[in-house]
Every structure is written in C-alpha cells, then in structure tokens.
Amino acid sequence: MENIVRTDAGITIAPVYTTPIPMQEQPGEFPFTRGVHASMYRDKLWTMRQYAGFSTAEASNQRYHYLLSQGVMGLSVAFDLPTQIGYDSDHPMAEGEVGKVGVAIDSLEDMERLFKGITLEQISTSMTINATGFILLALYIALAKKQGADLKKISGTIQNDILKEYAARGTFIYPPKPSMRLITDIFDYCSREVPKWNTISISGYHIREAGANAVQELAFTLANGKAYLKAALEKGLDINVFARRLSFFFNAHNHLFEEVAKFRAARRMWAHITKELGATDTKAQMLRFHTQTGGSTLTAQQPHNNIVRVAVQTLAATMGGTQSLHTNGYDEALSLPTESAARIALRTQQIVGYESGIADTVDPLAGSFYVEALTNEVEAKAWELIHRIDAMGGAVSAIEQGFVQDEIARSAYLYQQQIENGEKIIVGVNKFTVAEETVPEIFRIDDSIRQVQSERLQSLRSRRNNEVVTSLLQQLENAAHTTENLMPIVVEAVENYCTLGEISDTLRKVWGEHR
Ligand SMILES: C[C@H](C(=O)O)C(=O)SCCNC(=O)CCNC(=O)[C@H](O)C(C)(C)COP(=O)(O)OP(=O)(O)OC[C@H]1O[C@@H](n2cnc3c(N)ncnc32)[C@H](O)[C@@H]1OP(=O)(O)O
C-alpha cells in the first residue's frame, strides 16, 4: 500500500516535487509573497520581542530591564486576567487572579511603575490587551505625555482583537457591536494622534492554540481581518490610512515547511483582500506580523526538548518573514518562564539571527518546488474556508453561529486522537519516554499581590480629585450613547486617575456584557 503523508491541515505531501513553479515576484512589491520589504533582514533583523509580565508593576519592570540588558529590541506586556476583563485588583471577581498570568494594572500610577526608567519614545511596546485595549492605550498615551514624548514618535501595538476572543481566547466584556465600535474608534483616533501605533494585532495565534490547523489559523484570522476592514469602512474611515497600521499575529508550529508556506500565503492573500476593498497604497496592502512559537507544542515531559522545538519554530517564523518574534521558554508547559528559561529563549533568536545565515538573503526558500507548491495549496484551502465564511455573512456571523468554534474543536479532537493512537509522534510524550522525569525549577507568583494592589487603590482614591473623576465618568457614559469617538475622553479620564475598573464598569452600564 502506498504510504500517504499529510500535514496536520490535511495537505498531501508528495515524496518528491519535480515541477518548478516560477516565482518572479520581488519582495517589497505587491502581493508581498516574498516579504514586505525589499531588503528584509539584511537592513534590519526582526524585532526580538519577549512577552513578559507578572505580579506587580515593579516586578515586571525589573524583568523588562533584565530583558533589555540581554538584547531584546522591543517590549511586550502580559496583563493579569482582572486587567484583561476590566476589574480593579480589589474587585471580588479579581480574587485569586491578581498578578498571576501577567501584571496587574489599575491606574496611571501602576503604569508609571511599569515603565520606570524606560523612555517610551525610544522603544516600541506591544500590549496583549483586548476588551480593555482602549484603556491601556489611553494609559500608555497619558504616560508618554507625562514623559514629554512627541506622540507622533510613539510606536507599539495593542492586540485589540475582540473577534478571536469570542472564538478562542475568552477575555471579552461587551457584546460584538459596541466592541467593534471601540476598535474602529481606536483606528480613527490613532491615525490622527499616534500615527505610528499599530492599532490591532489580528491574531491567529490563539485560534491555533485552541486546536486549529495551519490552514484554519490562516483563514479565520484573515476573515476576522476582513471584518475589521469592513467595520472601519462602514464608519467612513479611509482604508489607505487606517489599514497601514493593522498588524497580525501568528503561531509557529513544528512543521517547518507548512508554516513557511502559511506566512507566505498570508501576505499574498491579505494583499488581495485589501486591494479588493479599495486599498491602493502599498503600505495598506502589506501584512506585517508578529509570531510566537507554539505554546501548545511544548511538553511538560522532558522539558529541555522544548528548546529544540522552539529553535525549529524560530526558523519557520524567520524564513517566513516575520516582523517580530517571541520565543517561548522551555519550562512554559509547567509555569511562567524562569529568568534563565527566558534567557535561553531569547538566545535562540539571537543564534538564529546572527549565526545561522538566515538574515543574509530575502525569502530563502523561494523557488523550492516543495515550498512554492505548499504555499499555493495552503492558500487555496484557506480561500475555500474564507468563501464559506463570506457566504455566512462574514466572520462576526460565522462566530455567532458557532461555525469557527466547531471547526476548531473538530481539528483539536482529530489531533488528540492521532497522538493517542500513535499516528502522530510527540517525542517524550508517546514515544521515547523516560521512567523518571526531572522537574525543573518552577516560577511561582506570590499571593500577596492583591493586598498590595488593593492598598494602593485605596490610597489613590483618597488622594485624587474625586469630583473630576465622577464628572469624567459621567461624560464617558453620555458619550457611549452617541457615536462620538470615545478615545479623547478615556485619555482624559486616565490622566485624572480614573481606574481601569471604573471605566470598564461605566461602559458595562451602557452596553451590558456579552455572555
Ligand atoms: C499568547 C499571549 C496571550 O494570549 O496572552 C499573547 O497574545 S502574546 C502577543 C504578543 N504580541 C506582540 O508582541 C505583537 C507585536 N507586534 C508588533 O510588534 C507589530 O504589530 C509589528 C508586527 C508590526 C512589528 O512591529 P515592529 O515595530 O516590531 O517592527 P517593524 O517591522 O514594523 O519595524 C519597525 C520599523 O522599521 C521599518 N523596517 C523594518 N525592516 C525594514 C527594512 N528591511 N527596510 C526598511 N524598513 C524596515 C518598518 O517599516 C518600521 O517602520 P515604520 O513603522 O515607520 O513603517
């Protein structure tokens, strides 16, 4: 019987590829299959951007200074769950979660502690924050202003991608309609006030983590991207302006070639999607993306094996032309990374960047019979899925109907089955196991953080001008009933020490919560 080999996305791989597929495109030119810049890493390596944040703002600030001293080129902030879903640290819903999966931020005072000794004009910062992205962006702007920065020079990214929260990640607050309004308010506000800010990071990463395969990751992410384009166009925004600052976020798994094909196909597809919707400016047609190595590919068994997985995934991301990369710590199947695991993760990027030769030429796998064929196949399969979503009325309705969630669940089930029946080999898990595992040092978060944050909040509320606070929250509530852009008032609110929880609650009153 013939031995059929397929990728996780179901693409059949030939034993040998013999047909050349001409690749006459140039990098830096439409449709950008080969990369968004003509010179790519020869002129500038990707941004080595390690996602970090835990406990209090001071503890996270220390980690950022450490990472900067070790060579990271950009910051990436992880927030705790209460911050992500709009509760101050002293709210009953925050119990047990303060400072756990990220840093706790309640007010501008926390933000000042978080970036102590860091000049915002000189570094780009990504903030993984969605439902409350507008508040963290306002806090960042308020801090930049306090530092005397020129807002036109401030650069960074907020994740701000609510659609994948409904479908895969779960930190949503408000229903889809007002959430989309907040997102497009941000597109509009930033294009005028903070033009270098990447206003969204449309994320396939979590869709993949939830169990999707590479094709689904690509298709669902681009379909979400299309929904944001349409929402902004409906608001009357100019695609040649706002689309220049949309960014993407993908996962890198172990199938090196399929992953490279996915990244190349993503750029080509997005260029066509934006063009079809009216973009003529090449910058508005470019898909720029961040990559994180696959969290779900890490194993708790023999954790040092993960260093090798992360290295393979780093090759995939960089040969795929990523703009920015986070490499996971080898211990992350067990806990947040220890400092030494975080250092090895960064060193992996540095070794690939400076020693492997990957940066020497643009799109090194172009013209490979195999990779070009795979790029075309991934693209064709992703279009099929996007057309199905279009037929359902777009990503918002496809998510509302549960289509995206069902597709992801089906793939996750299939994958798990393949591991259990041994069809898929995971080294150290279902093959090459050892009888006794050595457990590495584990990073633990102190439970007293909530107390510290609560005392700080109490003190802040007694020192700030509460009349101004009440009046600004009332103005915000009134504006939420209109179509006025909410960003200017949110910036003023945080500058006057309204807290993240108070602002979130004000809008909960008007819009309700999504269940
Ligand atoms: C899992 C976890 C969770 O669930 O909690 C998460 O979500 S973690 C999620 C963590 N997320 C992130 O870290 C997202 C990170 N995202 C980003 O950094 C951004 O959105 C990005 C992907 C667009 C990358 O932005 P960046 O500033 O780092 O890098 P860029 O590539 O834009 O480079 C900066 C400037 O250099 C220019 N530049 C770069 N390379 C070249 C070149 N070869 N030739 C000419 N110019 C170049 C760019 O055009 C840009 O300028 P100009 O700007 O003037 O054009």
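Worth a mention:
- From the options MET23, MET40, residue that is among the aliphatic types (A, V, I, L, M) and either more than 16 Å from the ligand (Cβ to nearest atom) or free of Cβ contacts under 8 Å to residues at least 24 places away in the same chain (or both): MET23
- Complete set of residues in segment 74-120 that are away from the ligand (no atom under 11 Å from the Cβ), within 20 Å of HIS514 (Cβ to Cβ) and polar (S, T, N, Q): THR83
- Within segment 265-291, considering residues that are within 16 Å of the ligand (Cβ to nearest atom), hydroxyl-bearing (Ser, Thr, Tyr) and within 12 Å of ILE239 (Cα to Cα), the one least open to solvent (accessible area, probe 1.4 Å): THR274
- Per the listing TYR87, TYR64, the residue uniquely surrounded by 23 or more Cβ atoms within 10 Å (Cβ to Cβ) and closer than 17 Å to ILE123 by Cα is TYR64.
- Complete set of residues in segment 6-19 that are in a loop (DSSP other than H, G, I, E, B) and open to solvent by 90 Å² or more (accessible area, probe 1.4 Å): PRO15, VAL16, THR18, THR19
The values are calculated or read from the model by the stated rules, or taken from the named source; none is laboratory data. Worth saying up front: this structure is predicted, and the values here are computed from it rather than measured. Note that each Cβ is placed from the backbone with ideal geometry, even for glycine, and that neighbours are counted across all protein chains shown. Heavy atoms of the whole protein, side chains included, go into the accessibility calculation; ligands, DNA and RNA do not. Shrake-Rupley method; radii C 1.70, N 1.55, O 1.52, S 1.80 Å.
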